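The values are calculated or read from the model by the stated rules, or taken from the named source; none is laboratory data. From a predicted model like this one, the values you see are computed outputs, not experimental measurements. Please note: Cβ atoms are built from the backbone with ideal geometry, for glycine as well, and neighbour counts cover all protein chains shown.
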Amino acid sequence: MQHFFYNCMGEVLSIKTIAAGAITETVARLCMEANFFLGQDITDAFNKTLGEETSLTGKEILKQLIQNAQIAAENKVPMCQDTGVAVIFLELGQDLQIAGGGLYDAVNEGVRKGYAEGYLRKSVVDHPLLRKNTGDNTPAVIHTKIVPGENLKITVAPKGGGSENMSAIKMLKPSEGIEGVKKFVLETVKAAGPNPCPPIVVGVGIGGTFEKCALLAKEALLRKLGGPSPIPDIAELEKELMNAVNKLGIGPQGLGGRTTALAVHVEIYPCHIASLPVAVNINCHSTRHKEAVL
Amino acid sequence: MPQIKLSTPLADENVENLRIGQKVLLNGILYTARDAAHKKMMELLDRGEPLPFDLRGNVIYYVGPSPTKPGMVIGSAGPTTAGRMDAYTPRLLSLGLKGMIGKGKRTPEVIKAIKQNKSVYFTAVGGAAALISQSIKKCRVLAYPELGPEAIHELYVEDFPVIVVNDSLGGDLYDEGIKIYSTI
Ligand code: SF4
């Protein structure tokens, strides 16, 4: 909806308005779609690696995963029973107005609705130590960026526990450099072994501060699979890491094979002269994200 | 790959013949339990009370399914990480539990207990939950309904696909598989 105002000069200003209810509906739909429909980029990667995998068990597993995605899409059931914590990225245009409720309330209401109507599992506990299930998968984990313009981009990325638990962050010394980064990524993937349901997608953040670095690693998982970084030396690093990870031999489900990762994505950010933070966010083959622009 | 068909409760000799890497299709009853149900079972054992089901020869499936859509038997139901049950497992094995289905590595203590008690740990394909659900033909809550997806369910399965990871000789497919394919 477009509202018109006059500024002090008597000029007409128009402000785009989005109803909170529309945000709720969109989030609910995206929660379901993300869990039912595996991205084509992932299916393509399954098919590609199926041709390259030499382990018979590994091949069989990849075939099962392709079939699984088909069954989930046809029956509109979640591809994995762990339908995750709802991680939600918002890109909020600075010229936009939201009417009829708070933005985060609208998002959480969408999660509540999507997880109920989609028969998705509720996997969130209210207190990390007392651990009572909130019963509706809220609250979501929400990351917001203010951007120019008047649109709201919503990305819903449900994240399973098995792979999230195998992720790690480390503050390296700058002198450890690129070799230190590679070593840490490989150590993390190796230690994860079968637990994050390989084949995995590896999101790596390098730089920023402690918390920024973790967020970079998470954002790296949202990129279309295998699309290289636009920064040439980072694209090169991604290739090297991908090769090294697939030499570990972990393979599909960790039972041995060539296909340990479907992709390694690296995101970077400037950092302090004394720091070299590295974060590795591991995602399973159920790498789920769906987006919409309002 | 050749597949072996087995029915539950598992016969000792069948389990003793299983070797890592073999593909098995399970038929019959499986019992589901995750962390919370295991904790409750331990409390029963501590009080000397009977468990909700007879462990002898039986198989526990580590799973917390998604809610069941109307008209379906069960929601998506793939394996969860077995490591969270490791602390409880040796005790259950010593009482006659024969098999477990989950994903991920077991501790050396569990692997030792599997060998001592001539039992088996299988993996089902983690994340292939919609596919796996199709081999579950019946499902009912057996105990602890208050735990929701973590309740103990009795599942009746047909040709439920699993792979032998830890066998009664102490073998570990996770270690062996990586050794074969690692080129670093
Ligand atoms: S790690 Fe991913 S695929 Fe595996 S059980 Fe968890 S959410 Fe599902």
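Key figures for this structure:
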quantity	calculated
Residue match in the stretch A:196-203 (condition: in the same structural domain as A:LEU186 (by TED's automatic domain parsing) and more than 16 Å from the ligand (Cβ to nearest atom))	no
Breaking point among (1) buried (at least 19 other Cβ atoms within 10 Å of the Cβ); (2) more than 30 Å from A:GLN97 (Cβ to Cβ); (3) within 15 Å of the ligand (Cβ to nearest atom); (4) within 14 Å of chain B (Cβ to nearest Cβ), for A:PRO158	(2)
Filter pass, A:ALA214 being more than 16 Å from the ligand (Cβ to nearest atom) and in contact with a strand residue (DSSP E or B) (Cβ under 7 Å, 6 or more places away or on another chain)	yes
Condition check for A:LYS145: farther than 26 Å from A:LEU294 by Cβ and not aliphatic (A, V, I, L, M)	no
Some residue of the stretch A:100-122 being modelled with pLDDT of 95 or more, within 16 Å of the ligand (Cβ to nearest atom) and more than 11 Å from chain B (Cβ to nearest Cβ)	no
Number of the exception - B:LYS137 against (1) within 14 Å of chain A (Cβ to nearest Cβ); (2) of a type in the set (D, E, K, R); (3) touching a residue at least 24 places away in the same chain (Cβ under 8 Å)	(1)
Selected residue [touching a residue at least 60 places away in the same chain (Cβ under 8 Å), over 28 Å from A:LEU216 (Cβ atoms) and of a type in the set (Val, Ile, Thr)] from A:THR54, A:THR83, A:THR49	A:THR54
Residue that is farthest from A:ALA20 (Cα to Cα) [pool: residues in the stretch A:74-90 that are under 15 Å from the mean Cα position of the chain (by Cα) and surrounded by fewer than 23 Cβ atoms within 10 Å (Cβ to Cβ)]	A:VAL85
Subset of the stretch A:129-143 [surrounded by fewer than 13 Cβ atoms within 10 Å (Cβ to Cβ) and away from every other protein chain (no Cβ under 12 Å)]	A:LEU129, A:LEU130
Given (1) among the β-branched types (Val, Ile, Thr); (2) in contact (Cβ under 8 Å) with a residue 24 or more places away in the chain; (3) in contact with a Phe, Trp or Tyr (Cβ under 6 Å, 6 or more places away or on another chain), number of the condition A:ILE66 does not satisfy	(2)
Condition broken by B:LYS112, with the remaining ones in (1) touching a residue at least 12 places away in the same chain (Cβ under 8 Å); (2) within 13 Å of the ligand (Cβ to nearest atom); (3) of a type outside the set (Gly, Ala, Ser) satisfied	(2)
Index of the failed condition, B:VAL15 passing every other in (1) within 16 Å of the ligand (Cβ to nearest atom); (2) under 15 Å from B:ASN166 (Cα atoms)	(1)
Matching residues in the stretch A:208-248 - criterion: being touching a Ser or Thr at 6+ places or on another chain (Cβ under 9 Å), of a type in the set (A, V, I, L, M) and within 14 Å of another protein chain (Cβ to nearest Cβ)	A:VAL245, A:LEU248
Residue within the stretch B:10-26 that is more than 17 Å from B:HIS153 (Cα to Cα), buried (at least 23 other Cβ atoms within 10 Å of the Cβ) and within 14 Å of another protein chain (Cβ to nearest Cβ) present	no
